[in-house]
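Undergrad: Sharing a structure below in C-alpha cells format, with a few things to ask.
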Amino acid sequence: MKSIRLFITAAVLITALSLSVISCKREEGLILNMATTTSTDNTGLLDYLKPVILADTGINLHWVAVGTGRALELGKNCDVDILFVHAPAAEKKYIDAGYGVDRRKVMYNDFIIIGPKNDPAGIKGKSASGALGIIASKKAIFTSRGDDSGTHKMELSLWKEAGIASPDKQSWYIQTGQGMINTINIANERNGYTLTDRATYIKYSSNLKNNPPLIVLVEGDGALKNEYSIITVNAVKCPKTKTLLAKKFTDWIVSPKAQKLLGSYKLLGKQLYIPNAE
C-alpha cells in the first residue's frame, strides 16, 4: 500500500513538473529582439502590448530603449532583429545603405515645446522655428537631449529652419545626454524650455498628478509631426536576423487589431498615439 502511495505521489510530481516546463516554454515564446525609442518604453506602450503579442503570435518581444540614432547603430551591428523608431530621414538613409528592409508606418503623434508657466521668453503660440529663434535671441535656457535620438534630430532640424547655427556652442543651450523624462526635469530645474514628444509629456504629467511645472507652449505646427515606423534588419548584412519572426511581428503591428490597440492606449484619459499603418 505504501509503495502504491509513493508511486502516485511520484506520478503527480512528474506531471506537475512537465506542466511547469510546458508553461515556461509557452511563456518564453519565440524571442524577437528589438531596439526602440525611449518614448515607446517610458509611456508603458510596449508593456501594454507585450502579452497580446505573445498570445497572438507566440513572439516574446525583448527590447532595449535608446535614442533612434543608437537604435539604428544596434541594427547596423546586428545586435537586434527589428527596429521601432521615429526619425524618417535617418531611417531612409539606413535603408538606402542596405541595413534595413520592409519599413512600415505604424503610428504618429507630435512634438511640442514646453516651458515655464510664466513663459519668460514669450514663445507661446509661435511656430516651432519662430519659438526657437526667440529663445536664442533672448538667451533663454534650452535643454536638449543631445543624444542623436529622433527627438534630438527633430530639434536640430528646427534650429536649422530658424537660422540658428551651432546652438550647442551657446551657454544657454544645455545638452543632457539623457532620455526625455530626465531632460524635462533638467529644463524644469533650470527654468528653461525643451522639445519633447507629446506622449512622453503626458507620462511626465501623469507622474505629477497632471499639474506639471512645465506646460505646452508651442504645438500644432505641421513641422512637428512625429512618425513611428517598424524596420526589419537586413539579413543580407546580418545573416542571424530572425527575418520570418520579424515579418510576423510587422504583420501583426500593422493589423487592424494592433492598430486599434495602439489607438486606444491612453494616459490621463488622453490618446498617446494615432495609428496610421498603410
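The values are calculated or read from the model by the stated rules, or taken from the named source; none is laboratory data. What you see is a predicted model; the values in this text were computed from it and never measured. Glycine also receives a Cβ, built like all others from the backbone with ideal geometry; neighbour counts cover every protein chain displayed.
Undergrad: Of the conditions (1) of a type outside the set (Phe, Trp, Tyr); (2) modelled with pLDDT under 95; (3) out of contact with any Gly (no Cβ under 8 Å at 6 or more places or on another chain); (4) loosely packed, with under 15 Cβ neighbours inside 10 Å, residue 160 fails just one. Which one is it?
TA: Only one criterion in (1) of a type outside the set (Phe, Trp, Tyr); (2) modelled with pLDDT under 95; (3) out of contact with any Gly (no Cβ under 8 Å at 6 or more places or on another chain); (4) loosely packed, with under 15 Cβ neighbours inside 10 Å is unmet by residue 160, namely (2).
Undergrad: Among the residues of segment 44-71, write down those that are hydrophobic (A, V, I, L, M, F, W, C), more than 22 Å from residue 244 (Cβ to Cβ) and either at pLDDT below 95 or crowded, with 21+ Cβ neighbours inside 10 Å (or both).
TA: 45, 66
Undergrad: Name the single residue, out of those in segment 256-276 being assigned to a loop (DSSP other than H, G, I, E, B) and of a type outside the set (A, V, I, L, M, F, W, C), that is farthest from residue 52 (Cα to Cα).
TA: Per the stated criteria, the residue is 269.
Undergrad: So in segment 132-149, with the set limited to residues that are within 25 Å of the chain's Cα centre (by Cα) and either without any contact (Cβ under 8 Å) to a residue 60 or more places away in the chain or within 11 Å of residue 195 (Cα to Cα) (or both), which one is surrounded by the most Cβ atoms within 10 Å (Cβ to Cβ)? Don't jump to the end; show me each part of the working.
TA: Just the residues of segment 132-149 that are within 25 Å of the chain's Cα centre (by Cα), to begin with: 132, 142-149.
Pick out the ones that are also either without any contact (Cβ under 8 Å) to a residue 60 or more places away in the chain or within 11 Å of residue 195 (Cα to Cα) (or both) and you get 132, 142-146.
Numbers: 132: 27, 142: 25, 143: 25, 144: 23, 145: 25, 146: 18.
Here the answer is 132.
Undergrad: List every residue pair whose Cβ atoms sit under 8 Å apart, with the two residues 6 or more apart in sequence or on different chains, where the first one lies in segment 249-278 and is on the phi > 0 side of the Ramachandran plot and the second, anywhere, is surrounded by 18 or more Cβ atoms within 10 Å (Cβ to Cβ).
TA: 268/202; 268/205
Undergrad: Now, a different point. Looking at segment 80-103 only, could you name the residues that are outside any helix (DSSP H, G or I) and loosely packed, with under 15 Cβ neighbours inside 10 Å?
TA: If the condition is that a residue be outside any helix (DSSP H, G or I) and loosely packed, with under 15 Cβ neighbours inside 10 Å, then 97, 98 are the ones that fit.
Undergrad: Here's a follow-up. Looking at this structure, is residue 236 modelled with pLDDT of 95 or more and either over 30 Å from residue 30 (Cα atoms) or outside any loop (DSSP other than H, G, I, E, B) (or both)?
TA: no
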